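This report refers to the structure that appears directly beneath it.
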Amino acid sequence: MSDLSDLYQEVILDHNKRPRNFRAIASPSHHAEGYNPLCGDRLNLYVQVDGNVITDVAFQGSGCAISKASASLLTEALVGKTRWEVQTIFKAVRDMITTGRMDSDLGKIVALAGVHKFPERIKCAVLPWHAVLAAVGGAGTVSTEAKD
Ligand code: ZN
């Protein structure tokens, strides 16, 4: 195992152990629940949008280490982005998680690139991103097993 993948693994372990923004937002402008029935991950994503800019993101729920770490990284990555940018970032993250390609400027989120080697974990990693996309798009609930 290279030092690089050790580092990525460390980021995931750290975000699982100490998830960032693991809380509710009292009256969020946007909210959605994400559910991955294959693993049992269930996360609530809270998003505060002022104007069109995301000013706060938080999550609660229960899930495996990968879904929790992914949600934690998400909450840090999206503050300061616009609602429209969420779609672009979602696509880049999903591509990276499914292919392992890290050609986008995704910051710490590249820690999730290694997930592509574990196909059964891909839905866990993408779940919070599905949920945040549903939230800013005005949908209430999203399941990894639903067609999009
Ligand atoms: Zn999971």
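Give the Kirkwood hydrodynamic radius (Å, one decimal) of the chain, defined as one over the mean of 1/r across all pairs of different Cα atoms.
Details: mean 1/r = 0.0670 Å⁻¹.
In the chain this quantity evaluates to 14.9 Å.
In degrees between 0 and 90, to the nearest 10, how far off the longest principal axis of the chain does helix 3-17 point, with axes built from Cα atoms?
Between the helix axis and the principal axis of the chain, the angle is about 40 degrees.
To the nearest 20 debye, what is the magnitude of the charge dipole of region 39-148 about its Cα centre, counting +1 on the Cβ of each Lys and Arg and -1 on the Cβ of each Asp and Glu?
Details: 12 positive and 11 negative charges, 51 e Å.
With Lys and Arg at +1 and Asp and Glu at -1, about 240 debye.
Please determine, in degrees from 0 to 90 and to the nearest 10, the orientation of helix 83-99 with respect to the longest principal axis defined by the Cα atoms of the chain, where the helix direction is its Cα long axis.
Result, in degrees: 20.
With charges set only on the Cβ (+1 for Lys and Arg, -1 for Asp and Glu), what does the dipole of region 1-70 come to about its Cα centre, in debye to the nearest 20?
It comes to approximately 260 debye.
Every number here is computed from the coordinates shown, using simple stated rules; none is lab data. The shown structure was predicted, so the numbers you read here are calculated from the model rather than taken from an experiment. When we count neighbours, we look across all protein chains shown, and the Cβ atoms used for this are built from the backbone with ideal geometry, even at glycine.
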